[in-house]
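Contents: one structure, followed by commentary.
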Amino acid sequence: MRCMWLPRFLALVATLVMSLSVLASQAAAQKGVIKIATQSPLSGEQSALGEGLKNGAQLAIEKLKGDLEKLGFRVELVPFDDQAKPDVGVANAKRIVADPDILLVIGHLNSGVALPASEIYKDQGPNLAMISPANTNPLITDRNYPNVNRVCGRDDVQGEVGARFAKEELKVKSAYILHDKTLYGQGVAEFFRDMAKSFGINVVGFEGTEEKANFDPIITPMKAMKPDLVYFGGIYSQAAVLFKQAREKGMDKALFLGPDGMDSSELVRIAGKAAVGMYYTTVVGPPTIYPEAKDFIKAYKARFGKDPEPFAAQSYDSAAVGLKAIELAIKEAGGKKPTRAQVSSAIRKIKNFKGITGTINFDGKGDPVKAKYFIIQVISDDPAKWGENKVVKTLEIAAPR
Amino acid sequence: MSLLITMFPQVLMDGIVLGFMYALIALGYTMVYGVLQLINFAHSEIFVLGAFVGVEILLSLKAAGYLSAIPPFVLLFALVAAGMAASGLLAVLVERVAYRPLRGAPRLVPLISAIGASFFLQDAIRLFESLWRNAFYLTYPSVELFDRRIRLGAAIDISLKSLVVIVSALLMLISLQLFVNRTKVGKAIRAVAEDQMTASLMGIDVNRIISVTFLIGGAMGGAAGVLFGIQYSLINPYTGFIPGLKAFTAAVLGGIGNIPGAMVGGIVLGLLEAFSASYLSLLTGGAFGAEYKDILAFSLLIVILIFRPRGLLGEIVAEKT
């Protein structure tokens, strides 16, 4: 007889569980959807970095959305392709602010795109929160906007770190400085130039160029001046071709140095041996330098089939701290969906968030209270070994007031 | 001041390499204009196709591990031949599809069709490469021998590949000149350029000759594409736009429709560009950088064209009525 009621009881339990889970999912749908947008170049020559940025945020959302689902919200990622172009970034920003479910933007890759787009987030959002994993131009946070934050360091510090390294460790006497005429590239090149001059390095040239293929007219005068160091303020896609052609044209001895825009395995894919031995300063270390990021690297590889590009881990952290802030804002709003301004102010309230790249605290301007800066040397012309590049120096510096 | 002098031979060399590149591309514009009075805006994409065919062959050979086994000059010959074949055939196809159906239409109509073909080809190449390699910014793998430098005196050294560009461009230009002036087909091309109606009355198949013209112009563009890739490494589907524009300018400068004019125009433009880019910053004390090179080069061009409106080698041709 006992055998008779047991299956019935099990069936009853199963029905109950099923109906409960249906209820739960209905509850999740009842309170609505929270969307997190990413903006980065997903096509074009910088898409390798831009895609890593999107993937990092995606991984964070997939892994950490559980907390928000428990509170009754569904979480979705909406990736946008800003093509590394300011006009496209602004057009996307207008579409983003028009969607009331989007409470957070992770992006951009390029400061020149982030600056105009964040004006839209602030004015038309209103105060739609943006957390940038990669924008290093000082202006991003120096505008004192309540909604704009970053988890990385700044170009004014980066330029100084580079110039100090060139003077003290590389002991160069003269430098030729080039930049790509973007807000980011020219900005960091100018900081480098000013600091280099103040350290007594002879700056023999300072030029901007949008050239992508034929650098002959730049290299010939540069070579004639025999600088000890060539600094390129810009992105790897241009720098790689320049460095390659400079070595081919017989600039054997000049050292190459650049900012964090150099940080992509594409650099050695294009430049080959010419890039081996060059240095770059960056605000993000290779993912392997962060002890907490081991699981992230494994998960990223399993999910996307390749090693994380630079900024992917920072993007993961940006999304993670953003999710935490949204959770806080929901609680402050009494379990209801918070406004964009509430999310923005919640982000600044987060204290000592344990991310995979370190502990995150934002100061009143949206800068990290202390940011890490690295000087890295390229060790191999094999793109697969990019992650093993040698970290020559690690510094921790507070954002200038 | 001494810097200006020591730089001179190197800048001259840069300018000549660039100039020959422009000359090769300019031939495509000038030949087509010669027979059809049409500016073939799709020519810059025909040029890019050559570059892509070259990089695809190199990358496949590299992946298969044969790259270092093939003697570099055999490889170069094969690359240029493949690029010429592909671009030549594409040019014929573009003519057949986009221009021939519009043969009787007003002159502006095929011009618009040409711009359309140009956009179509850019994105077709992008689509294909995105599906095939998941990337459309491609880099020519370096061939060690071509990267070697030859020293010519103290102040100047030139990489072997620049020399390769100059020599192959020269060979092609000379053979084209001989072809057009010494062969029967060449004579037919000149006849069609002069007067289509009369040429067809003399028993010349005008459509066939136009196809041949596109084939040759396209092939020159394809060769230029391969050489461009070897020389400057990084290519993408949109690479052709600026060199195409410059080469078109070179064709106009030399006298459009005139084959030796295209060569002269290309070299003059290449030199103007190299000199203005390298010297501008030094001469103005850094006030105008290398990025002003196009402004200076094109201002000089305008001045030249004011005094010689038909180009450097342009003949006075009676307006067709």
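The table for this structure:
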quantity	calculated
Residues (within 19 Å of B:Leu253 (Cβ to Cβ) and either of a type outside the set (Phe, Trp, Tyr) or touching a Pro at 6+ places or on another chain (Cβ under 9 Å) (or both)) located in the stretch B:39-85	B:Ile39, B:Asn40, B:His43, B:Ser44, B:Phe47
Residues satisfying the stated conditions in the stretch A:93-110, i.e. touching a residue at least 24 places away in the same chain (Cβ under 8 Å) and either assigned to a strand (DSSP E or B) or surrounded by fewer than 22 Cβ atoms within 10 Å (Cβ to Cβ) (or both)	A:Lys94, A:Val97, A:Asp99, A:Asp101, A:Ile102, A:Leu103, A:Leu104, A:Val105, A:Ile106, A:Gly107
Answer from A:Pro291, A:Pro310 - the residue that is surrounded by 17 or more Cβ atoms within 10 Å (Cβ to Cβ) and either free of Cβ contacts under 8 Å to residues at least 40 places away in the same chain or within 30 Å of A:Lys122 (Cα to Cα) (or both)	A:Pro310
Matching residues in the stretch B:47-79 - criterion: being part of a helix (DSSP H, G or I) and more than 17 Å from B:Leu234 (Cα to Cα)	B:Leu61, B:Ala63, B:Ala64, B:Pro72, B:Phe73, B:Val74, B:Leu75, B:Leu76, B:Phe77, B:Ala78
Test: residue in the stretch A:256-271 that is more than 24 Å from the chain's Cα centre (by Cα) and either in a loop (DSSP other than H, G, I, E, B) or at the interface with another protein chain (Cβ under 10 Å from one of its Cβ atoms) (or both)	no
Residue in the stretch A:85-96 that is among the aliphatic types (A, V, I, L, M), closer than 23 Å to A:Lys337 by Cα and touching a strand residue (DSSP E or B) at 6+ places or on another chain (Cβ under 9 Å) present	yes
Every residue from the stretch B:301-320 that is touching a Leu at 6+ places or on another chain (Cβ under 7 Å) and at pLDDT below 80	none
Any hit, the stretch B:92-110, residues being at pLDDT 85 or above and within 14 Å of another protein chain (Cβ to nearest Cβ)	no
Matching strands (runs of 3 or more DSSP E) fully within the stretch A:334-401 where at least 3 residues are of a type in the set (A, V, I, L, M)	A:370-377, A:390-398
Top-ranked residue in the stretch A:317-361 [being within 27 Å of A:Met262 (Cβ to Cβ) and among the hydrophobic types (A, V, I, L, M, F, W, C); ranked as surrounded by the fewest Cβ atoms within 10 Å (Cβ to Cβ)]	A:Ile356
Only listed residue being part of a helix (DSSP H, G or I), among the acidic types (Asp, Glu) and touching a residue at least 12 places away in the same chain (Cβ under 8 Å), chosen from A:Asp67, A:Asp87	A:Asp67
Test result for B:Ala287, surrounded by fewer than 23 Cβ atoms within 10 Å (Cβ to Cβ), free of Cβ contacts under 8 Å to residues at least 60 places away in the same chain and among the aliphatic types (A, V, I, L, M)	yes
Any chance B:Arg107 is basic (Lys, Arg) and more than 30 Å from B:Val11 (Cβ to Cβ)	yes
Hits in the stretch B:94-118 (condition: surrounded by fewer than 16 Cβ atoms within 10 Å (Cβ to Cβ) and closer than 26 Å to B:Arg133 by Cα)	B:Gly116
Criterion (of a type in the set (Phe, Trp, Tyr) and closer than 21 Å to A:Lys336 by Cβ) met by exactly one of A:Phe73, A:Phe80	A:Phe73
Residues of the stretch A:144-175 that turn out to be buried (at least 24 other Cβ atoms within 10 Å of the Cβ) and of a type in the set (Ser, Thr, Tyr), as a count	0
Residue that is surrounded by the most Cβ atoms within 10 Å (Cβ to Cβ), among those in the stretch A:262-281 that are out of contact with any Asp or Glu (no Cβ under 6 Å at 6 or more places or on another chain) and among the small types (Gly, Ala, Ser)	A:Ala271
Failed item in (1) over 24 Å from the mean Cα position of the chain (by Cα); (2) within 22 Å of B:Ala223 (Cα to Cα); (3) among the acidic types (Asp, Glu), with B:Glu129 passing the rest	(1)
Selection from the stretch B:268-277 of residues that are of a type outside the set (Phe, Trp, Tyr) and within 14 Å of another protein chain (Cβ to nearest Cβ)	B:Leu269, B:Gly270, B:Leu271, B:Leu272, B:Glu273, B:Ala274, B:Ser276, B:Ala277
Members of the stretch B:110-147 found to be in contact with a strand residue (DSSP E or B) (Cβ under 8 Å, 6 or more places away or on another chain) and not hydroxyl-bearing (Ser, Thr, Tyr), listed by number	B:Glu129, B:Leu138, B:Phe146, B:Asp147
Where a residue in the stretch A:170-181 is on the phi > 0 side of the Ramachandran plot and modelled with pLDDT under 95 and its partner, wherever it lies, is of a type outside the set (S, T, N, Q) and crowded, with 16+ Cβ neighbours inside 10 Å, with Cβ under 8 Å and at least six apart	A:Lys181/A:Gly208; A:Lys181/B:Glu291
Selection status of B:Gly19, within 13 Å of chain A (Cβ to nearest Cβ), buried (at least 21 other Cβ atoms within 10 Å of the Cβ) and among the small types (Gly, Ala, Ser)	yes
Flag for A:Gly205 being assigned to a strand (DSSP E or B) and within 13 Å of chain B (Cβ to nearest Cβ)	yes
Count of the stretch A:112-133 residues which are out of contact with any Asp or Glu (no Cβ under 8 Å at 6 or more places or on another chain) and outside any strand (DSSP E or B)	15
Subset of the stretch A:215-251 (residues that are touching a residue at least 60 places away in the same chain (Cβ under 8 Å) and more than 9 Å from every other protein chain (Cβ to nearest Cβ))	A:Leu229, A:Tyr231, A:Ile235, A:Leu242
Looking only at the stretch A:23-32, and only at residues there that are surrounded by fewer than 16 Cβ atoms within 10 Å (Cβ to Cβ) and modelled with pLDDT of 65 or more, the one that is nearest to the chain's Cα centre (by Cα)	A:Gly32
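Residue-wise test of (1) under 30 Å from B:Leu93 (Cβ atoms); (2) within 11 Å of another protein chain (Cβ to nearest Cβ); (3) assigned to a helix (DSSP H, G or I).
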site: B:Gly217; (1), (2), (3): yes, no, yes
site: B:Ile230; (1), (2), (3): yes, no, yes
site: B:Ile242; (1), (2), (3): yes, yes, yes
site: B:Phe248; (1), (2), (3): yes, no, yes
site: B:Ile256; (1), (2), (3): yes, no, no
site: B:Gly266; (1), (2), (3): yes, no, yes
site: B:Tyr279; (1), (2), (3): no, yes, yes
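Yes/no matrix, rows are residues, columns are (1) crowded, with 19+ Cβ neighbours inside 10 Å; (2) within 14 Å of chain A (Cβ to nearest Cβ):
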| residue | (1), (2) |
| --- | --- |
| B:Ile5 | no, yes |
| B:Ala78 | no, no |
| B:Gly83 | yes, no |
| B:Gly88 | yes, no |
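The values are calculated or read from the model by the stated rules, or taken from the named source; none is laboratory data. Predicted, not measured: the structure shown is a model, and the values here were computed from it. Using ideal geometry, Cβ is built from the backbone for each residue, glycine included, and neighbour counts are taken over all protein chains shown.
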